[in-house]
1. Tell me which residues come under 5 Å, amide H to amide H, from Gly98 once H is placed; ignore anything under 5 positions away on its chain.
2. Pairing the Cα long axis of helix 32-43 with the longest principal axis of the chain, what angle in degrees results, from 0 to 90 and rounded to the nearest 10?
3. Mind ordering 36-45, 23-32, 2-11 by average Cβ neighbours within 10 Å, highest first?
4. If amide H atoms are built 1.01 Å from N in the plane of the peptide, which residues on other chains or at least 5 residues away come under 5 Å of the amide H of Gly122?
5. For the chain, what is the calculated [θ] at 222 nm in deg cm²/dmol (nearest 500), taking -39500 (n - 2.57) for each run of four or more DSSP H residues and dividing by its residue count?
6. Can you tell me the accessible area per residue over the stretch 1-144, all protein chains present, probe 1.4 angstrom, in square angstrom?
7. Hey, how many Å between the Cα centroid of the stretch 93-148 and the Cα centroid of the stretch 1-29?
8. For the stretch 10-17, take each phi angle, set θ = phi - 60°, evaluate the Karplus expression 6.51 cos²θ - 1.76 cosθ + 1.60, and give the result in whole Hz per residue in order, putting x for glycine and proline.
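The values are calculated or read from the model by the stated rules, or taken from the named source; none is laboratory data. Just so it is clear, the structure is predicted and the values come from calculations on it, not from any experiment. So basically every Cβ, Gly included, is an ideal-geometry build from the backbone, and we count neighbours across all protein chains shown. What goes into the accessible areas is simple: the full protein's heavy atoms, side chains included, and nothing from ligands, DNA or RNA. Shrake-Rupley method; radii C 1.70, N 1.55, O 1.52, S 1.80 Å.
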Amino acid sequence: MLTTEPTEETVREWKSIHAEYREKLKPNRKTGVQVKEYFTKKYSPEQYDSAEFASVVEYNIVMNEHEREKLPEDELPQIATYKLGDGQVLVGIDLVTGFIHVECEDTVKAAEIYDDLFLFRGLDEKDIDNFFLTAQYIQCLDQKKKGR
């Protein structure tokens with residue numbers, strides 16, 4: 001999960017990772033329903049019935065060209081919203097595209113959950129063509145292998 005403004009050096013690193021791994025990766029992206037099932041089984045969250053939060057998640061899909069393109073024509077996102085703990089962590093998952101949105105004041109906790117869901121969800125062909133997403137995926141895999 002990107003939590004800071006990237007530097008030029010960081011972008012160069014992402015592009016280098018992408019160049020190394022792009023041809024080695026195979027599409028493995030799971031559906032939004034599969035992501036939701038994984039999340040609810042692993043984290044046992046509470047449903048969070050908030051139209052406002054669901055709107056935030058939907059906004060992040062429709063305002064991001066890469067994510068918006070994953071929506072089938074004439075279909076709107078179907079957002080499932082959850083909270084963990086005492087509502088300290090909010091999670092939105094689009095059942096149509098598999099888009100993941102995590103909010104928490106503790107960015108480390110948010111990143112841990114997001115990265116876990118991101119790794120589980122995997123990448124499709126368009127994601128693999130995106131240097132940032134490929135680099136993020138490889139970096140998450142490396143962290144997981146190191147036990148972080």
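1. So Gly98 has HN proximity to Gly32.
2. That helix lies at roughly 80 degrees to the long axis.
3. Descending mean neighbour count gives 36-45, 23-32, 2-11.
4. Lys30
5. -15500 deg cm²/dmol, from helical runs alone.
6. For the stretch 1-144, the solvent-accessible area averages 59 Å² per residue.
7. Between the Cα centres of the stretch 93-148 and the stretch 1-29 lies a distance of 12 Å.
8. Along the stretch 10-17, the couplings run 4, 4, 4, 4, 4, 5, 5, 4 Hz.
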